[in-house]
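Participant: This structure is in structure tokens; I'll ask about it shortly.
The values are calculated or read from the model by the stated rules, or taken from the named source; none is laboratory data. None of the values given here were measured: they were computed from a predicted structure. With ideal geometry, Cβ positions are generated from the backbone for all residues, glycine too; neighbour counts draw on all protein chains shown. The protein model used for the area step is the full one, side chains on, heavy atoms only, and it has no ligands, DNA or RNA in it. Shrake-Rupley method; radii C 1.70, N 1.55, O 1.52, S 1.80 Å.
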Amino acid sequence: MNRALNTARFISFEGGEGAGKSTVITAAADALRALGQTVLLLREPGGTAVGEAVRAVLLNPELRGLCAESELLLMMASRAQLVRECILPALERGDWVLCDRFTDASFAYQGGGRGIDAGRIAELERWVAGIRPGLSFLLDLPVETGLARAGSRAAPDRIEAESITFFERVRATYRARAAADPARWCVVDARQPAADVAAAVVLRLNQQVEAQR
Ligand code: TMP
């Protein structure tokens, strides 16, 4: 990990399908901008030209043959680009980086969901990412509630088409990671109305801004 860099302004947003991340991230960016902060909004997989091309492969429902190892390595390829092209330069400028998912998603989906050994993911994390968010929000809600919300949107992508037991393992992994590192994680009950979820996130973010002054 790159310990020399101040990662307090690097914030990630995690959660299962239908957790309402987009609404919350928009509210978080608005709140930071209202305080005069410069904010960069990013998403994973994606966020760069290479990453968006990789995302199209990862989410393509026709690519059923993609094995778990390829899936992990493609997630990491997208991450390698995002870190080098966007995240490190922004943090070096002193900007805030709000990232819709980061390496915790690989631990949750490819580790918990697909069963890849967490030690291997941690090795790639050190090598490829080399950085962890200073603050991570987990928008947590029961799998069935999230899938019902996500299901009311468009046709499922390759990962959204997974089974309920897969998403139960994803959720359990996220919760275990949050419980193991409460200083980094803020867990928010995403069953609440979207405005209340956003308010809880903004409250915690304001503390992060204060701590940076
Ligand atoms: P999104 O729907 O939040 O944009 O994320 C795209 C999908 O990719 C979502 O189903 C979670 C999944 N994903 C992983 O499986 N591993 C990862 O490392 C990342 C960043 C996302």
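Participant: Add -39500 (n - 2.57) for each DSSP H run of 4 or more in the chain, then divide by its residues: what number comes out at 222 nm, to the nearest 500 deg cm²/dmol?
Facilitator: Value at 222 nm, helices only: -14500 deg cm²/dmol.
Participant: Kirkwood Rh over alpha-carbon pairs of the stretch 109-213, then Stokes-Einstein at 10 °C and 1.306 mPa s: what D in µm² s⁻¹, rounded to an integer?
Facilitator: 101
Participant: Students sometimes get this wrong: rank 66, 42 by accessible area, probe 1.4 Å, all chains present, largest first.
Facilitator: Order by accessible area, largest first: 66, 42.
Participant: Using a 1.4 Å probe and ignoring any ligands, DNA or RNA, find the accessible area of residue 162 and quote it in Å² to the nearest 10.
Facilitator: That residue has around 60 Å² of solvent-accessible surface.
Participant: Could you tell me the largest-minus-smallest coordinate of the C-alpha atoms of the stretch 1-66 on each of the three principal axes, in descending order and whole angstroms?
Facilitator: Dimensions of the stretch 1-66 along the principal axes of its Cα atoms: 46, 31, 21 Å.
Participant: Now, a different point. Using a 1.4 angstrom probe with every protein chain in place, what is the largest-first accessible-area order of 55, 33?
Facilitator: 33, 55
Participant: Okay, moving on. Across the stretch 191-196, in residue order, what do the Karplus-derived ³J(HN,Hα) couplings come to in whole Hz, using 6.51 cos²θ - 1.76 cosθ + 1.60 with θ = phi - 60° and x for Gly and Pro?
Facilitator: Per residue, the Karplus-derived 3J(HN,Hα) values read 6, 5, x, 3, 5, 6 Hz.
Participant: Two-decimal Rg/Rh of the stretch 168-213 from alpha-carbon positions, Kirkwood Rh?
Facilitator: 1.05
Participant: So how much accessible area does residue 196 have, in Å² to the nearest 10, using a 1.4 Å probe?
Facilitator: 70
Participant: Let me know the whole percent of all Cα-Cα pairs from the stretch 10-211 that are separated by more than 30 Å.
Facilitator: Percentage above 30 Å: 16.
Participant: I'd like the distance between the alpha-carbon centres of the stretch 156-193 and the stretch 51-107, rounded to an integer number of Å.
Facilitator: 18
Participant: Report the charge-dipole magnitude of the stretch 6-55 in Debye, nearest 20, computed about the Cα centre from +1 at each Lys and Arg Cβ and -1 at each Asp and Glu Cβ.
Facilitator: 140
Participant: Relative to the Cα centre, what is the charge dipole magnitude of the stretch 10-211, using +1 at the beta carbon of each Lys and Arg, -1 at the beta carbon of each Asp and Glu, and rounding to the nearest 20 debye?
Facilitator: Charge dipole, the stretch 10-211, about its Cα centre: 80 debye, nearest 20.
Participant: Now a separate question. Identify, among 170, 27, 63, the residue whose Cα sits farthest towards the positive end of the charge dipole of the chain, taking +1 on the Cβ of Lys and Arg and -1 on the Cβ of Asp and Glu, with the dipole about the Cα centre.
Facilitator: 27
Participant: Further question on the same structure: Which is farthest toward the positive dipole end of the chain among 142, 128, 47, measuring Cα position about the Cα centre, with Cβ charges +1 (Lys, Arg) and -1 (Asp, Glu)?
Facilitator: 128
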